[in-house]
1. Name the residues in the stretch B:90-117 that are charged (D, E, K, R) and either more than 8 Å from every other protein chain (Cβ to nearest Cβ) or closer than 16 Å to B:GLN171 by Cβ (or both), would you?
2. Tell me, please, whether a residue that is away from chain B (no Cβ under 14 Å), acidic (Asp, Glu) and either surrounded by fewer than 18 Cβ atoms within 10 Å (Cβ to Cβ) or over 27 Å from A:SER8 (Cα atoms) (or both) can be found in the stretch A:76-89.
3. Could you tell me which numbered condition A:GLN54 fails, if it satisfies all but one of (1) modelled with pLDDT of 90 or more; (2) in contact with a helix residue (DSSP H, G or I) (Cβ under 7 Å, 6 or more places away or on another chain)?
4. Looking at the stretch B:92-110, which of its residues are touching a residue at least 60 places away in the same chain (Cβ under 8 Å) and within 13 Å of the chain's Cα centre (by Cα)?
5. Give the residues of the stretch A:157-194 that are crowded, with 17+ Cβ neighbours inside 10 Å, more than 8 Å from chain B (Cβ to nearest Cβ) and of a type in the set (Gly, Ala, Ser), sorted by residue number.
6. Just to check your reading of the model, which residue among B:ALA56, B:ALA68 is under 17 Å from B:LEU122 (Cβ atoms) and touching a residue at least 24 places away in the same chain (Cβ under 8 Å)?
7. Can you pull out the residues in the stretch A:124-137 that are touching a residue at least 40 places away in the same chain (Cβ under 8 Å) and surrounded by fewer than 18 Cβ atoms within 10 Å (Cβ to Cβ)?
8. For the stretch A:1-29, how many residues are under 15 Å from A:VAL108 (Cβ atoms) and part of a helix (DSSP H, G or I)?
Protein chains: 2
Amino acid sequence: MTEQNPLSRQQLVAGAADMIRRRGLNATSIREVAKHAQTPLGSTYHYFPGGKQQLATEAVRFAGDAVARMLDKELRAGPVEGLRAFLALWREIITSTDFQAGCPVLAVSIEEHAADERPAVLAAAAEVFNGWEAQLADSMRQHGADPQAAGQLATLVVAAAEGAVAMCRAQRSTRPLDQVSAQLEELTRTTVCN
Amino acid sequence: MTEQNPLSRQQLVAGAADMIRRRGLNATSIREVAKHAQTPLGSTYHYFPGGKQQLATEAVRFAGDAVARMLDKELRAGPVEGLRAFLALWREIITSTDFQAGCPVLAVSIEEHAADERPAVLAAAAEVFNGWEAQLADSMRQHGADPQAAGQLATLVVAAAEGAVAMCRAQRSTRPLDQVSAQLEELTRTTVCN
């Protein structure tokens, strides 16, 4: 009854997210995801009749939700604590994988799609970025930040973390993320105090 | 005498950079780059005996040098003017391609490579990022910024621009880059004045 096992489905989604954050969407195949999750290829198509596009879309939401839950928990201690946890998460991802893995949400965002259509996976990525930004901005506003400044800084935090992770992978060093973290923490303190 | 034409070689490098910034390294093939540049496949291997890896490495350097030359020119007017030109360049790239193109240097940085080797293309990407950071930081220091703060802010500028470009492509909107630009410009002014 493998095909009815919800665990297999979840493993496939998690496996796809891991593959995409390492090698990108184009280089990720359903066949390899199935192999990686030790699931028969047939059941993969059973779970994801929409094929790779559907699997990738769910993988992006899965990764987005994991970060959102962590943020939700850590932001309870305040915006600076939430920011620290967000940056520490990315640091942990790159160091624990020897700079081989980054963010699957960024990975799907930078591949070419037909200009006249908006694929589900890209829409999911946009939603995830918007969601993280909203969580960070809301927390800053609740701690006294000017609404516009909070919105801008939240976008800066997500953009800088995403860009720094890619730079760390190129340089095989955590330096870019560490430099960015120092600046973002100071900025968050100032924005919240104002 | 196509094979001796330096223009063809340059067209191949520029074509590879364009393909990589649109679809990533994995999805870029020498065959398609040759077709795109209207150059026979044979001459491609003649120019780049190291194959795709060599072509991609030169494409990353080509893109990096183009930005570095622009920065060098614009930073003469000051760090804020240089920053504005840097961000305007990325904005122009995403809007002129209907959000289909981003940065080839980031694209090659987020694909999996063997853990025990450092491919030339990744080393080239690291050098390009370091070079842009150094140009921005030097300009800030020459305009009175604290050396450490200048270094951190320069990394933040490159990371945030790279991350924001990816977010803009996902959201098919320039909003993330515009938000980030407002913050970075204010920060640069403050850092230089201090």
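1. Step one: list which residues in the stretch B:90-117 are charged (D, E, K, R), which gives B:91-92, B:98, B:111-112, B:116-117.
The answer is B:ARG91, B:GLU92, B:ASP98, B:ASP116, B:GLU117.
2. Checked the stretch A:76-89: at least one residue is away from chain B (no Cβ under 14 Å), acidic (Asp, Glu) and either surrounded by fewer than 18 Cβ atoms within 10 Å (Cβ to Cβ) or over 27 Å from A:SER8 (Cα atoms) (or both).
3. Going through the list (1) modelled with pLDDT of 90 or more; (2) in contact with a helix residue (DSSP H, G or I) (Cβ under 7 Å, 6 or more places away or on another chain), A:GLN54 breaks only (2).
4. Once the filter is applied, which keeps residues that are touching a residue at least 60 places away in the same chain (Cβ under 8 Å) and within 13 Å of the chain's Cα centre (by Cα), the stretch B:92-110 yields B:ILE93, B:ILE94, B:ALA101, B:GLY102, B:CYS103, B:PRO104, B:LEU106, B:ALA107, B:VAL108.
5. A:SER181
6. Values: B:ALA68 fails: under 17 Å from B:LEU122 (Cβ atoms).
Only one candidate passes the filter, namely B:ALA56.
7. Within the stretch A:124-137, the subset touching a residue at least 40 places away in the same chain (Cβ under 8 Å) is A:124-125, A:127-128, A:131-132, A:135-136.
Within the stretch A:124-137, A:GLU127, A:GLY131 qualify.
8. Of the residues in that region, 9 qualify.
The values are calculated or read from the model by the stated rules, or taken from the named source; none is laboratory data. Here the structure is a predicted model, which is why all the values come from computation and not from measurement. Cβ sites come from the backbone with ideal geometry, for glycine too, and all protein chains shown count toward neighbours.
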